[in-house]
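Asker: Below are the structure tokens for one structure; questions will follow.
Coordinate-derived values only; no laboratory data. The model shown is predicted, which means the values in this text are computed figures rather than measured ones. Virtual Cβ from ideal backbone geometry, glycine too; neighbours counted across all protein chains shown.
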Amino acid sequence: MYKIAAMGDRDSIYGFASLGVSIFPVDDTTEAIKTLRRISESGYAVIYITENLASQISSELDRYNDEPLPAIIPIPGISGNTGVGMKQVSRFVERAVGSDIVK
Amino acid sequence: MAVMNVNPTRMELTNLKRKLITARRGHKLLKDKRDELMRRFLDLVRENKELRREVEKGISEANQHMAVARSVMSDSALDVALMMPTQEMGLEVEEKNVMSVMLPVFDAKLKTADENDIYSYGFAFTSTDLDDAVKSLSDIMPLMLRLAEVEKSCQLMSAEIEKTRRRVNALEHVMIPKYEETIKYITMKLDENERSSTTRLMKVKSMMLEDARQKALAHDREVAGSN
């Protein structure tokens with residue numbers, strides 16, 4: 001049985017706790033990377049991460065690109081939608097097709 | 001395109017022809033695989049974008065409720081309310097094989113039987129905005145799980161498509177032309193050898209004939225002299 005995690009600044013992810021998602025509030029990037037490495041190896045299949053944090057540690061996230069698990073999904077935080085998640089989807093299309101053809 | 005460094009022999013030619021047939025068949029299969037992957041990938045990406053729009057809208061809605069709740073309740077009261085969740089969400093993960101790419105399929109399992117059992121606090125000391133926030137998050141959760149599934153699938157598929165595309169291109173533009181060139185080179189070399197041996201034989205034959213004629217002439221002269 002796998003679990004679901006949420007990472008990011010505390011205010012953005014606090015609400016998920018009541019749904020049974022494990023929350024990991026982190027503030028700085030080194031702590032975030034450490035936490036990410038720890039939880040990706042301890043049975044979490046899905047890790048939601050706030051877009052702000054995701055853009056700060058994007059090189060670390062790339063390590064999980066070709067692994068089947070965990071799925072690391074950027075979500076908008078409390079400070080609003082930065083478009084990082086949408087951009088990532090466009091990047092997939094670019095990688096596969098060569099240019100972003102899906103609008 | 002460079003010709004491979006091989007001996008122009010008949011055996012080499014047969015081997016190369018066999019390799020060319022295999023390369024052509026592999027190229028066709030990989031091209032089919034790429035096309036099918038691409039078709040599914042584009043469907044998935046469209047779904048992914050759609051889901052992402054919905055999820056982002058839902059989360060920002062929930063965040064608004066949360067912000068209001070935070071402003072009307074004290075931090076410590078909020079902490080206490082959300083500290084001990086009653087619900088625990090687990091995931092069953094299965095794998096689906098699409099064109100030899102393993103895609104995850106998530107199936108959420110809740111600890112308590114009632115899926116509406118999401119409020120981990122008494123209603124006496126909390127604001128209704130917190131209820132709204134939790135409710136809107138819980139409404140968006142199935143979509144978020146589907147998003148995770150689709151987005152991971154897109155990620156894995158894009159990697160596979162890239163790999164397949166490279167293979168197809170390598171076969172189409174490097175391997176197959178190289179084999180074709182080499183086969184042509186060996187065929188021409190063999191034909192050339194055959195022609196040269198034919199001319200050599202013709203030359204030898206004419207020399208032998210000339211020799212025999214001279215000998216016959218000399219013999220005739222000898223016979224005529226002795227008479």
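Asker: List the residues, sorted by chain then number, that are 5 or more residues from A:TYR44 or on another chain and whose placed amide H is less than 5 Å from its amide H.
Answerer: Under 5 Å from the amide H of A:TYR44 lie the amide H atoms of A:LYS3, each far enough along the sequence or on another chain.
Asker: Taking N as the number of residues in the stretch A:3-97, what is its alpha-carbon radius of gyration divided by 2.2 N^0.38 Å? Don't jump to the answer; show the numbers that get you there.
Answerer: On the way: Rg = 12.8 Å, N = 95, 2.2 N^0.38 = 12.4 Å.
Ratio of Cα Rg to 2.2 N^0.38 Å: 1.03.
Asker: Provide the net charge surrounding B:TYR179, with neighbours chosen by a C-beta distance below 14 Å and charges set as Lys +1, Arg +1, Asp -1, Glu -1. The partial results should precede the final answer.
Answerer: Details: positive: B:LYS17, B:ARG18, B:LYS19, B:ARG24, B:ARG25, B:LYS178, B:LYS184; negative: B:GLU12, B:GLU172, B:GLU180, B:GLU181.
Around B:TYR179, the surrounding residues sum to +3.
Asker: How shielded is A:86-92 by partner chains, expressed as the average number of their Cβ atoms within 10 Å of its Cβ atoms?
Answerer: Details: counts 5, 0, 5, 12, 2, 3, 14.
Whole-number average of other-chain Cβ neighbours for A:86-92 is 6.
Asker: Ok, one more. In a GNM of chain B with a 10 Å cut-off on Cα contacts, which of B:LEU42, B:LEU13, B:LEU217 has the highest mean-square fluctuation?
Answerer: B:LEU217
Asker: Excluding B:ARG10 itself, calculate the net charge of residues whose Cβ lies under 14 Å from the Cβ of B:ARG10, where each Lys or Arg counts +1 and each Asp or Glu counts -1. Mind showing how you got there, number by number?
Answerer: Numbers: positive: B:LYS17, B:ARG18, B:LYS189; negative: B:GLU12, B:ASP191, B:GLU192, B:GLU194.
Local charge sum for B:ARG10: -1.
Asker: Can you tell me the orientation of helix A:84-97 relative to chain A, as the angle in degrees between its alpha-carbon axis and the longest Cα principal axis, to the nearest 10?
Answerer: On a 0 to 90 degree scale, this one is about 40.
Asker: Also, quick follow-up: Beta carbons within 10 angstrom, averaged per residue: use that to sort the peptides A:93-101, A:72-80, B:58-66, highest first.
Answerer: A:72-80, B:58-66, A:93-101
Asker: Let me ask something additional. Place a +1 charge on the Cβ of each Lys and Arg in the stretch B:1-124 and a -1 charge on the Cβ of each Asp and Glu, then give the dipole magnitude about the Cα centre in debye, rounded to the nearest 20.
Answerer: 1800 debye
Asker: Moving on. Looking at the calculated P(r) for the stretch B:1-152, what percent of the C-alpha pair distances fall above 27 Å? Before the final figure, lay out the partial values.
Answerer: Working: 6003 of 11476 pairs.
Result: 52 percent of Cα pairs exceed 27 Å.
Asker: If you don't mind, another one. Report, in order of residue number, the helices in chain B meeting two criteria: a C-alpha extent of 15 Å or more along the helix axis, and a mean Kyte-Doolittle hydropathy of at least -1.0; treat each whole DSSP H run as one helix.
Answerer: On the way: long enough: B:10-72 (89 Å, -0.96); B:128-170 (62 Å, -0.26); B:176-226 (75 Å, -0.82).
Membrane-span-like by this rule: B:10-72, B:128-170, B:176-226.
Asker: Give me the extension gain from B:GLU94 to B:ALA218: residue separation times 0.36 nm, minus the current Cα-Cα distance, reported in nm with one decimal.
Answerer: 34.7 nm
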